[in-house]
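Values in this text are rule-based calculations from the coordinates and carry no lab data. The model shown is predicted, which means the values in this text are computed figures rather than measured ones. Quick reminder, even Gly has a Cβ in these numbers, built from the backbone with ideal geometry, and neighbours come from all protein chains shown.
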Amino acid sequence: MIQTNLKPLNVEEFIAQYGDQDRYELIDGELIDLEPTGLHEQVIGFVARKLNVEIDRLNLPYFIPHRCLIQVSDDTAFRPDVIVLDKTQLIHEPRWQQQPIITSSIAIKLIAEVVSTNWQNDYARKAEDYAILGVPEYWITDYLGLGGRDYIGKPKQPTLTVCQLVGDTYKKRLFRQGDTLTSATFPDLRLQAEAIFAAGQL
């Protein structure tokens, strides 16, 4: 992650200058260069594929956009690694027909972030903002075990944290090697945590 030393941007300026570039998001007016690695992209692809299979199997009106921004304030817009949207609810998103921008949680079913060197954003900042926005389910996919010990325990190891919204805060469950994750959005999904972690290897 690189925080550029430009003047603070608001979301409209960010969208005008960087909205079509997948590698940037905006946090408190700061341009964040996400700099994803190839292994990071492998994990994203694996998670998206497994969720798409379940969406197809159940014939749900959901889809996973290739590119999407979530505006959470006037100076913050996240670019989630994986987001599952309910197509039937996008009529409530005023910007969607012109730009792939989400401004509320009404169409969001699930967000998954794949942890990289900026793990603090995934575990703290995004978890707080997604909860406030009302995102019902949030996965923090830490395939390298990079997160702080307060988040993933000691000794640190690959961990997938599933955050389920209860009221306005997340109830968190941690899944590690040998665990089968559970999802309220996809209750029949049977996905081994270690398969997700293995997707980040050559």
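Pull out the extension gain between Leu60 and Gln99, defined as 0.36 nm times the separation in residues minus the alpha carbon to alpha carbon distance; nm, one decimal. Kindly include the intermediate steps, with their values, before the conclusion.
Numbers: separation 39, 0.36 × 39 = 14.04 nm, distance 2.33 nm.
This chain segment gains 11.7 nm when fully extended.
Over 20 Å between C-alpha atoms is what I'm after, so list which of Lys109/Lys156; Lys109/Lys171; Lys126/Lys171; Lys87/Lys109 land there.
Details: Lys109/Lys156 29 Å; Lys109/Lys171 16 Å; Lys126/Lys171 15 Å; Lys87/Lys109 10 Å.
Result: Lys109/Lys156 exceed 20 Å.
Please report the spacing between the Cα centers of the stretch 58-121 and the stretch 139-164 in Å, no decimals.
The stretch 58-121 and the stretch 139-164 have Cα centres separated by 22 Å.
I want to check the label-to-label distance for Leu90 and Lys171. Put each point 7 Å from Cα in the C-beta direction and report it in nm to one decimal.
Result: 3.2 nm between the two label points.
Trypsin sites (Lys or Arg not before Pro) within the stretch 118-160: which are DSSP loop residues with at most 12 other Cβ atoms inside 10 Å? Before the final figure, lay out the partial values.
On the way: sites: Arg125, Lys126, Arg149, Lys156; in loops: Lys156.
Here no loop site has a sparse enough neighbourhood.
So for the chain, taking the charge dipole from beta-carbon charges (+1 Lys/Arg, -1 Asp/Glu), which of Gln192, Phe78, Thr169 sits furthest toward the positive end?
Most positive-ward Cα: Gln192.
Rounded to the nearest 500, what is the chain's calculated 222 nm mean residue ellipticity when only DSSP H runs of at least 4 contribute -39500 (n - 2.57) each, over all residues?
Taking each H run of at least 4 residues, the total per residue is -6500 deg cm²/dmol.
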